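Structure record follows, encoded as C-alpha cells.
The values are calculated or read from the model by the stated rules, or taken from the named source; none is laboratory data. As the structure is a prediction and not an experimental result, all values here were calculated from the model. With ideal geometry, Cβ positions are generated from the backbone for all residues, glycine too; neighbour counts draw on all protein chains shown.
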Amino acid sequence: MKQFFSNFKGDAFGGLTAGIVALPLALAFGVSSGLGPSAGLYGAIFISFFAALFGGTSTQISGPTAPMTAVSMLVISGLIGANDGDVEKALPAILTVFLLAGLMQVGLGAIGIGKYIRYIPYPVVSGFMTAIGVMILVTQFLPALGYYPKEDQSFVDKFKPQAEEVILDKILKEEAGEGILVLEDFKETIKRAENISREEITLEAVTLAGNEASGVIGAIKSLPKALSNINYLEFILCLITIVIIYGFKRITTTIPSTLIALILVSGVAYGFNLNYRPIEEIPSGFPIPNLAIFSSFNLGSVTPYIFTALSLAFLGAIDSLLTSVVADNMTKTRHSPNKELIGQGIGNSIAAIFGGIPGAGATIRTVVNINAGGKTKLSGMVAGIMLLIVLLALGPIASQIPAAVLAGILITVGIGVMDYKGLKAIPHIPKIEVIIMIIVLVLSVFWNLVYAVGIGLIIASLIFMKKMGDVTARESKVESLGGLENKNNKEKLWRDEINIPNKLKEEIFIKHLNGPVFFGSTSELQQMANQIPQSATHVVLRMDEVPYMDQSGVYTLEEIILSLEQKGIKTHIVGIQKQPLYLAKNIDIIPDLVAEDCVFEDFDSCIRYLSTVVEDVVKS
C-alpha cells in the first residue's frame, strides 16, 4: 500500500490531466457508437479505474478508443436493427455482447495469450488502423453537415411502402407462431392489418431510413442529400472545432486542444443562444447497473455475435498491449501482458454491466499521464474518479454540448488514427505486404471489419509459411556425397563431412535439413526419395539445425522413411534436437522405423558406425 501511494502528487496530477483529455473523446465515442454520450462516459469511468487497478501496466490509461468503438458500432447497429430500431429493447443484448467480450479478455489473459499478440503481422494492423480512420471520418460527414437522415421527412417517406411490407410480414409470422394463419382465410390477417396506424408505419420507415444511411456505404449514399440540405450553423461549429484542435497545438501542447475546442465552441454556442443541436441528455447521478443483461438474457439474440465478441476481446488486447509497449519505452519498465489482459477484461465487463461501451489502453492518454508525472496504477484510477466527478457534478451542463462539436472532434480522431507510417512505406515494402494491407483496408471499410482482419491474418500466415518453406528448400541440400567430390563443390560440404572414405561415399546419401520442418516445407521434403541415386544403400538425415517439427512435418518424414525402407535403403538420423526427437519417439518413428542405434548425436559417430556395416568398404 505504501508503494501504491509512493508518487501520490505525480499520479494525482497525471490522472487528472489524462482524465481531462479523455472527457471529450469519451463523449464523442459514445455518440459515434450509437448509444449516446453517457455510454462513452460510463465506459471511460469504469474501464480506466478497474483496468488500472487489476492491470499489468502501471501507467496505462484506458477507456473507449477508435478501434473498439468502430467494432462496437457493428454490434450496436445490428442489434438495434433486429429490435425494430428500439435502442432500449436492444440494450440488454448489446451490453451482453460487451460483457462477453470482457470475460473473454479475462480468459485470454488467464491462459497466457498476451505474449503471442506481438506476432500479428504489421500489414494487417496497418490496414486495420487506416480503415478505422476512414470509417470514423466518413461516418461523421453527415453530422458535420447537420444532416440526420431519420429526421428528413422526404427521405423517410421513400421507405413507407417497404415499412408496410415489413409490418405485414411480422403479422404473418405472429399468426404462424400462434397457429392461426390459414391460407384459405385471411380474415384475421386483414383485421390486424387494418389496425396498423400511420404512426407505426412512420416509426418503421424511420428505422429503415436509419439503417439505409448507416455505416460507410450508407453515409456515402446519403452525402448528396446532405450536401443539398446543409445546416450551415452545424457545419460552421464543426469546422471551427477542427480549426481550434489543430491550431491550438501550434501554440502549446500543455493544455489538450480537444478540451479547449470543446469548452470554447460549446460556450460560445450556448452563451449566444444559437439554435444548434445538442447531444443527447446525459443522466445525472451515479451510473446504475443494467440488470436486464441477466434478467432478459436471450441466447438466440446474442449467439450471432459470439465471434464479434471474441474479435472485440482480441482487438482490445492488441490495442492495450501496443500502448503498454509505448509506456514501457517511456518509463523504462516492463509490463505483464497477461495481467494487463485480465485487468482490461475486468474493466470492460464492469463497464458493460453499467451500460458503458468497451475500450482499451489509450496511447495518447497514457503518454499524457506519464508526461504529467504519473508512475503507478493510482494515476489510471484517479482518471476514472475524475470523470465520475464530472458526470455527477456537470452532467446537465455537458448535455448542452453541440453535436457538431463532437463530430469535429471525431473527424480529427479519424484523421489521426490512420497509419501514415505504413502508407508512406508502400513504395518501399514488398508488393505482397501492400496487397494484404489494401485487402484489409478495403474489406474493413466496405464489408466487415472483423472478417477483414481474419482474412488478412490468414493470407499473411499462408504467405509466411510459403516463404519459410522456400527458405527451408533453398537452405536444405539433397545430394549424394559422391557428387560433392569435385573441388568446386567442396564448399557445400559441412566441415565434418570432408574426410569421409571414398568408398563410403558411393554408398551413402546425405540430406541436410535447415530450419523448422513444418507443413509449409513438406513438399520439398517429399522430393528427397526421388533424388536418391541407385548406388546409395544408406541415407543420413542431418537434423543438427532443425529446432522444431510440427505434426505435418513429422508425418511427412515418416512417409519418406517408409518409402526408403521399401527400397531397401536404411535411414540414419544425426543431431536431432529435443523437440523433434520427442515427436519422433511419440509417433514411433524411433525405434519402429529408425532403430535407436541408428540415431547419433554427431556425424563422426554415424560414419564410424557406417564404416562397420557397409559391405563394400575397403578397410585400410
Problem set entry | Options 196, 201, 220; residue that is touching a Lys or Arg at 6+ places or on another chain (Cβ under 9 Å), surrounded by 14 or more Cβ atoms within 10 Å (Cβ to Cβ) and outside the structural domain of residue 98 (by TED's automatic domain parsing) | 201
For this session: Could you please let me know if residue 107 is touching a helix residue (DSSP H, G or I) at 6+ places or on another chain (Cβ under 6 Å), farther than 28 Å from residue 259 by Cα and not aliphatic (A, V, I, L, M)?
Result: no
Seminar exercise, completed: When restricted to 254, 202, 207, the only residue within 30 Å of residue 444 (Cα to Cα), hydroxyl-bearing (Ser, Thr, Tyr) and modelled with pLDDT under 90 is 207
Problem set entry | Residues located in the stretch 80-129, provided they are modelled with pLDDT of 90 or more, of a type in the set (Val, Ile, Thr) and within 23 Å of residue 28 (Cα to Cα) | 94, 96, 97
Exercise. Is one or more of the residues making up the stretch 399-422 touching a strand residue (DSSP E or B) at 6+ places or on another chain (Cβ under 7 Å), among the hydrophobic types (A, V, I, L, M, F, W, C) and surrounded by fewer than 23 Cβ atoms within 10 Å (Cβ to Cβ)?
Worked result: yes
Problem set entry | residue 38 in contact with a Phe, Trp or Tyr (Cβ under 9 Å, 6 or more places away or on another chain), under 30 Å from residue 278 (Cα atoms) and hydroxyl-bearing (Ser, Thr, Tyr) | no
Seminar exercise, completed: Output for Cβ contacts, cut-off 8 Å, separation at least six or different chains, first residue at pLDDT 80 or above in the stretch 609-620, second among the aliphatic types (A, V, I, L, M) and assigned to a loop (DSSP other than H, G, I, E, B), reads 611/617
Problem set entry | Hey, residue 70 buried (at least 24 other Cβ atoms within 10 Å of the Cβ) and farther than 19 Å from residue 353 by Cβ or not | yes
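Can you find a residue in the stretch 576-593 that is under 19 Å from residue 508 (Cβ atoms), of a type outside the set (A, V, I, L, M, F, W, C) and out of contact with any Lys or Arg (no Cβ under 8 Å at 6 or more places or on another chain)?
No - not one qualifying residue is present in the stretch 576-593.
Quick grid of which residues meet (1) surrounded by 15 or more Cβ atoms within 10 Å (Cβ to Cβ); (2) aliphatic (A, V, I, L, M); (3) closer than 18 Å to residue 79 by Cβ:
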{"site": "307", "(1), (2), (3)": "no, no, yes"}
{"site": "316", "(1), (2), (3)": "yes, no, no"}
{"site": "335", "(1), (2), (3)": "yes, no, no"}
{"site": "348", "(1), (2), (3)": "yes, no, yes"}
For this session: Could you please give the count of residues in the stretch 207-239 that are closer than 25 Å to residue 90 by Cα, of a type outside the set (S, T, N, Q) and in a helix (DSSP H, G or I)?
Result: 9
Exercise. Any idea which of (1) farther than 22 Å from residue 124 by Cβ; (2) surrounded by fewer than 24 Cβ atoms within 10 Å (Cβ to Cβ) is the one residue 343 doesn't satisfy?
Worked result: (2)
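Picking from 94, 45, which residue would you name as being buried (at least 24 other Cβ atoms within 10 Å of the Cβ) and free of Cβ contacts under 8 Å to residues at least 60 places away in the same chain?
Answer to the selection: 94.
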Problem set entry | Candidates 361, 384, 414, filtered to the one that is in contact with a Leu (Cβ under 8 Å, 6 or more places away or on another chain) and at pLDDT 90 or above | 361
For this session: Sort out which residues of the stretch 251-303 are polar (S, T, N, Q) and over 25 Å from residue 22 (Cβ atoms), and write them in order of number.
Result: 273, 275, 295, 296, 298, 301, 303
Seminar exercise, completed: Given (1) outside the structural domain of residue 518 (by TED's automatic domain parsing); (2) at pLDDT below 85; (3) in contact with a helix residue (DSSP H, G or I) (Cβ under 9 Å, 6 or more places away or on another chain), residue 481 misses just (1)
For this session: May I ask you to list the residues in the stretch 25-68 that are in contact with a Ser or Thr (Cβ under 7 Å, 6 or more places away or on another chain) and either at positive phi or assigned to a loop (DSSP other than H, G, I, E, B) (or both)?
Result: 34, 56, 57, 58, 59, 60, 61, 63
